1. Quick check for the chain: number of Lys pairs with alpha-carbon distance under 25 Å, counting only pairs 8 or more apart or on different chains?
2. Based on Cα positions only, what radius of gyration and what Dmax would you give for region 146-269, in angstroms?
3. Which whole-number percent of Cα pairs in region 264-382 have a distance greater than 18 Å?
4. Heavy-atom accessible area per residue, the chain, 1.4 Å probe: how many Å²?
5. What are the ³J(HN,Hα) couplings of region 224-236, residue after residue, when phi is run through the Karplus curve with 6.51, -1.76, 1.60 and θ = phi - 60°? Round to Hz, x for glycine and proline.
6. Determine Rg/Rh for region 359-498; Rg is computed over alpha-carbon atoms and Rh is the Kirkwood hydrodynamic estimate from the same atoms.
7. Treating only the Cβ of Lys, Arg, Asp and Glu as charged (+1, +1, -1, -1), what charge dipole size does the chain show about its Cα centre? Round to the nearest 20 debye.
8. Could you pull the Rg and Dmax for the chain, using just the Cα atoms, both in Å?
Amino acid sequence: MGIIRKLAIALVVFLIVAGAGLFYLSLGQTAELSVDDATGTDPVLAAPSAENFPTVQIAEPVGWEDGQAPATADGFAVNRFAEGLDHPRVLYALPNGDVLVTLTRAPAREEGADDDHGVFDTVRGWIGGILFSRAGAAGASANELVLLRDADGDGEAEVQEVLLNADDGLDSPSGISWHDGTLYVANHNAVLAFDYELGAETASSEARSIMDLPPGGGHWMRNIEVHPDGDRMYIAVGSVSNIGEQGMAVEEGRAMIWELNLESGSTRPFAVGLRNPNGLDFSPWSGELWTTVNERDMLGSDLVPDYLTNVPVGAQYGWPWVYFKDNIDRRVKIRMPNYLTEYTRYPEFALGPHVAALGLVFTAEGHRMGDEFASGAFIARHGSWNRKPPSGYDVVYVAFDELGNPIGKPVPVLTGFLNEDGSTKGRPTWVEWASDGSLLVSDDTAGIIWRTLAPESEPGEGIAELTGEPLPPLRELIDPRQAFEEDYLREQAGQVVE
């Protein structure tokens, strides 16, 4: 009787604590800044307001009714390229016009994988599971790579064929790439390679694992991109935690972008300090790698903006100790490396707090997006679950100047995913160019691939690559903004600046 009583008391305490947690979550912190305030090349960074529980504003998915579609930018049209898909995420267009998409969710947690962090963390995890289930993110992964083909050119994929599945080795697959007869798919724990000829509806070989990756974790998606030269691949791997609260040993190999030499099989860390890098694409101006990054949580609804940035080799973006170069996160208990802020980079373009920036593509040759969208990047902002009011739930365009630098503010391309009552019809996840110049957008909770373009536009020219003499190598790590200020001061003093 004593044991039963103790169990009953423990259950009551658990329910009280859980109920209090849910009530606390229903309050949260309301943003004081607009999303636009915290975007661009010089975003407003609010004072941090640390939270024990994150602010939560779950947008429950209700789906799109027949005939419904996202709202578009002026002069654009949108239609359903494919639907009825089980949580489609990453899109990849093959050179022959076929489109591949991964149907995927987070990997199943292995028994005993969770460490015992105490009652508080157990309750918080239980509450989090309920909330993410409401957001449509829970459930078993379909573990499929599906081929979509619009053979008659009417803007709808009449062919939907499962190209690979779990029997072929897929396990929470996300990133996709293809080069010279080889199809690459990134599982949560490895990069796989298959022999695959364009146009085929099946791979012609079994999977070959070419690189092991840190498995699962809080951020489980692994995007990949083969360099245009075809000799190397870049792999984005997110962190397990928010700010390293489980220690940095568990973060080994994470929160970074890897470079894999496809010829030798050698690997190296390419850039680090990126909490959760996602979209990858190469700048048409410079050929440099760019990425979207989801920044840290639980500093309030106004912090920290997700961002779009270039990724030079050896770049450090500061996670978990700092954000936006020199803003120190005082919550981090792990000792900060010496001189970290001196060599941490400032992100190129803020995309807004908690927008969950994912898919990224630069304007490409043959695009049908019109002159106003002819020189920049298109980004899927998946949408917040921890901001009041919500942010993201759209596809935006970021304009770039003639030198390949982002400018202005994000411009809406597709909106209307979020309803006025706080529910959502869907969540834009990835973006990719179709062979006809339209932009494809995966909507994971709705199971739809949207297709949008400016139908009156002619196919656009590609962005011209910049040419000229390279800059002299730096002999020391100096922030370019600091160097500019020093040159300016010397000019004001009448000194010659070479």
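The values are calculated or read from the model by the stated rules, or taken from the named source; none is laboratory data. Just so we're clear, the structure is a prediction, and the values are computed from it rather than from any experiment. Counting neighbours? That spans all protein chains shown, and the Cβs are built from the backbone with ideal geometry, glycine included. Protein only, heavy atoms only, side chains kept; ligands, DNA and RNA dropped before computing areas. Shrake-Rupley method; radii C 1.70, N 1.55, O 1.52, S 1.80 Å.
1. On the way: Lys325/Lys333; Lys325/Lys409; Lys388/Lys409; Lys388/Lys425.
Lysine pairs satisfying the spacing and distance rule in the chain number 4.
2. Considering region 146-269 through its Cα atoms, Rg and Dmax are 16.1, 54 Å.
3. Numbers: 3871 of 7021 pairs.
For region 264-382, the share of Cα pairs beyond 18 Å comes to 55 percent.
4. On the way: 23150 Å² over 498 residues.
Accessible surface, normalised per residue, equals 46 Å².
5. Each residue's phi maps through the Karplus curve to give 9, 8, 7, 4, x, 6, x, 9, 8, 10, 10, 10, 8 Hz.
6. Values: Rg = 20.4 Å, Rh = 18.0 Å.
Reported Rg/Rh (Cα atoms, Kirkwood Rh): 1.13.
7. Values: 33 positive and 76 negative charges, 517 e Å.
Computed charge dipole of the chain: roughly 2480 debye.
8. When restricted to Cα atoms, the chain yields Rg and Dmax of 23.0, 90 Å.
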